[in-house]
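A short write-up of the structure that comes next.
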Amino acid sequence: MKAAHRLGVCAVVVTYHPDDTVDQNVRAIARQCDSVFIVDNGSPSDTLEPIHRLAKAVANISLIINEENLGIAEALNIGIRHARATGSPQWIATFDQDSTPTDGMIEAMLSAVGIESGRSSVAIIAPSHIDRSSGARLEPRSVDSHKGFREVTSTLTSGNLVNVEALDRVGLFDASLFIDYVDHEFCLRCRSQGYTIVEVESAKLLHSLGEFRSSKVLGMTINASHHNPLRRYYITRNRLIVWKKYLSSETRWVARDIVNAIKETIKIIFVESDRRQKLKSIVEGTRDACYGRLGRKLQADQKHR
């Protein structure tokens, strides 16, 4: 098996208020990819030192600075455009700043699926997402023990390999969503065009998802995300947009996500703080989804990671 950088893999890493932990994560990515494009999404200038230092120290890292927060989808799109303008990648690896690929992750993903067959039918190769703090798999699934991977309906964005041929056919990430459900919408759109999404068991990505905390209620342990009110707005608005768009083609996925939405709302009421503002944000998100108001919410920006 050739090394990943011989196979045309370029990475796009989106940063926002980066701290010193980004150095280790991006260096790990750079060791496995031909090139890395860091796209900073409007961070204050006094927080940019870690990524400026990286770009100077590591030869295959390039830095792109957005003057304002354009949202995760548009930041990824900007990085993809730069990657394609400066080379001919076959795969684009997409990363959050707080995700760390384990050694050999990208090679394991390509090996499991098979390069030629993967490029023809697979839009996204995903790793197994491992919670950094607990070591548990996020959204654990059974796999085909013979192949070492399985087909999934959707997956998180961080750590994925996205087929450039699929991007040409289905288009880039939906920038109108700004943040949240960008990953799910893209996965479902790929499936609507006949592509598949696969998750590789042996490829491990260390990842932190939201601000999950556990609480005890009537002797039961309840895990809740504790997303801030602004994130609750985007989650609500965008999931309703995605439900409407894919209800007929992905009915089972939509039904499961409706159940998830109900569970999340119950957790907000009983175990999360700032519940009044979060419930208000859910109402606002529902209203704007009904009126088709997309893009960035018109209020002071908040840190979204």
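The values are calculated or read from the model by the stated rules, or taken from the named source; none is laboratory data. As the structure is a prediction and not an experimental result, all values here were calculated from the model. Glycine gets a Cβ as well: all are built from the backbone with ideal geometry, and neighbour counts include every protein chain shown. In case anyone asks, the SASA skips ligands and DNA or RNA and just uses the protein heavy atoms, side chains included. Shrake-Rupley method; radii C 1.70, N 1.55, O 1.52, S 1.80 Å.
Name the single residue that is nearest to Arg169 (Cα to Cα) among those in the stretch 182-240 being of a type in the set (Asp, Glu) and at pLDDT below 95.
Step one: filter the stretch 182-240 for residues of a type in the set (Asp, Glu), giving 183, 185, 199, 201, 211.
Add one more test, that the residue is at pLDDT below 95, and what stays is 199, 201, 211.
Working: Glu199: 21, Glu201: 27, Glu211: 35 Å.
Going through the qualifying residues, I end up with Glu199.
Within the stretch 43-63, does at least one residue satisfy the condition of being assigned to a helix (DSSP H, G or I) and closer than 27 Å to Ser121 by Cβ?
Quick first cut of the stretch 43-63, residues assigned to a helix (DSSP H, G or I) only: 45-47, 49-57.
Now restrict to residues that are closer than 27 Å to Ser121 by Cβ: none.
Within the stretch 43-63 (the criterion being assigned to a helix (DSSP H, G or I) and closer than 27 Å to Ser121 by Cβ), the answer is no, since none of the residues qualifies.
Restricting the stretch 63-101 to residues that are hydroxyl-bearing (Ser, Thr, Tyr) and buried (at least 17 other Cβ atoms within 10 Å of the Cβ), which is nearest to Asn160 (Cα to Cα)? Give the steps one after another, and end with the answer.
The first filter runs over the stretch 63-101 and keeps only residues hydroxyl-bearing (Ser, Thr, Tyr), leaving 86, 88, 94, 99-100.
Restricting the remaining residues to those that are buried (at least 17 other Cβ atoms within 10 Å of the Cβ) gives 94, 99-100.
On the way: Thr94: 6, Ser99: 11, Thr100: 12 Å.
By that ranking, first place goes to Thr94.
Just the residues that are open to solvent by less than 10 Å² (accessible area, probe 1.4 Å) and in a loop (DSSP other than H, G, I, E, B), please, taken from the stretch 159-177.
Scanning the stretch 159-177 gives a single hit, Gly159.
Do you know which residues across the stretch 264-289 are in a helix (DSSP H, G or I) and of a type in the set (D, E, K, R)? Break it down into steps so the answer makes sense when it comes.
Start the filter on the stretch 264-289 by keeping residues that are in a helix (DSSP H, G or I), which leaves 264-271, 275-289.
Once the filter is applied, which keeps residues that are in a helix (DSSP H, G or I) and of a type in the set (D, E, K, R), the stretch 264-289 yields Glu264, Lys267, Arg275, Arg276, Lys278, Lys280, Glu284, Arg287, Asp288.
Quick one: how many residues across the stretch 15-39 are more than 17 Å from Trp91 (Cα to Cα) and buried (at least 24 other Cβ atoms within 10 Å of the Cβ)?
Pass one, the stretch 15-39, residues more than 17 Å from Trp91 (Cα to Cα): 15-28, 39.
Now restrict to residues that are buried (at least 24 other Cβ atoms within 10 Å of the Cβ): 15, 18, 26, 39.
The total comes to 4.
Quick check: anything in the stretch 257-269 at pLDDT 95 or above, out of contact with any strand residue (DSSP E or B) (no Cβ under 7 Å at 6 or more places or on another chain), hydrophobic (A, V, I, L, M, F, W, C) and open to solvent by less than 30 Å² (accessible area, probe 1.4 Å)?
Yes, because at least one residue in the stretch 257-269 is at pLDDT 95 or above, out of contact with any strand residue (DSSP E or B) (no Cβ under 7 Å at 6 or more places or on another chain), hydrophobic (A, V, I, L, M, F, W, C) and open to solvent by less than 30 Å² (accessible area, probe 1.4 Å).
Please go through the stretch 114-129 and give me each residue that is at pLDDT below 85 and open to solvent by 20 Å² or more (accessible area, probe 1.4 Å), ordered by number. Spell out the reasoning first.
So in the stretch 114-129, the residues at pLDDT below 85 come out as 114-120.
Gly114, Ile115, Glu116, Ser117, Arg119, Ser120, listed by residue number.
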